[in-house]
């Protein structure tokens, strides 16, 4: 993919060629140092291969082209729907979205000054030492809660 950048006095015009469609974006910016002349630069953009289909694509920070990414997202939606319907514990899910839990977790984090109890990093989550699905009555017990960073929390699961 090629970008043609044309610098003119008082404006920059970016011509983008993609799939035989010409897109023009005008950015208002003073270019007085270039005088009344016209300067044209050709920039060759980085390209790479999609890891799923192998199609050549413009580098976009992801490993998948837009087409494969939309297919993966659709698949995730279906899997999430199945998980939510059959596996997710609705009782604990409702608890974690309650005002009481949100208030308590903020209190635990503030009390520990947002310091992870395991590694000392930045704690952003609160972990139940005894899981609530095994001991429901201990879900609000402060002695059963520790502030924890995301990395350590993922290791605990």
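Values computed for the structure shown
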{"quantity": "Number of the exception - residue 56 against (1) in the same structural domain as residue 134 (by TED's automatic domain parsing); (2) loosely packed, with under 13 Cβ neighbours inside 10 Å; (3) touching a strand residue (DSSP E or B) at 6+ places or on another chain (Cβ under 7 Å)", "calculated": "(1)"}
{"quantity": "Answer from 113, 138 - the residue that is assigned by TED's automatic domain parsing to the domain that holds residue 151, modelled with pLDDT under 95, touching a helix residue (DSSP H, G or I) at 6+ places or on another chain (Cβ under 7 Å) and over 30 Å from residue 52 (Cα atoms)", "calculated": "138"}
{"quantity": "Complete set of residues in the stretch 70-119 that are farther than 27 Å from residue 146 by Cα and not in a helix (DSSP H, G or I)", "calculated": "none"}
{"quantity": "Matching residues, the stretch 122-135, being touching a residue at least 40 places away in the same chain (Cβ under 8 Å) and either under 10 Å from residue 109 (Cβ atoms) or surrounded by 13 or more Cβ atoms within 10 Å (Cβ to Cβ) (or both)", "calculated": "132"}
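Here is a yes/no grid of residues against (1) surrounded by fewer than 12 Cβ atoms within 10 Å (Cβ to Cβ); (2) in contact with a helix residue (DSSP H, G or I) (Cβ under 6 Å, 6 or more places away or on another chain); (3) assigned by TED's automatic domain parsing to the domain that holds residue 144; (4) at pLDDT 85 or above:
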{"site": "49", "(1), (2), (3), (4)": "no, no, no, no"}
{"site": "69", "(1), (2), (3), (4)": "no, no, no, yes"}
{"site": "77", "(1), (2), (3), (4)": "yes, no, no, yes"}
{"site": "89", "(1), (2), (3), (4)": "yes, no, no, no"}
{"site": "107", "(1), (2), (3), (4)": "no, no, yes, yes"}
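The values are calculated or read from the model by the stated rules, or taken from the named source; none is laboratory data. Small disclaimer: the values here were computed from a predicted structure and weren't measured. Every residue, glycine among them, receives a Cβ derived from its backbone with ideal geometry; neighbour counts consider all protein chains shown.
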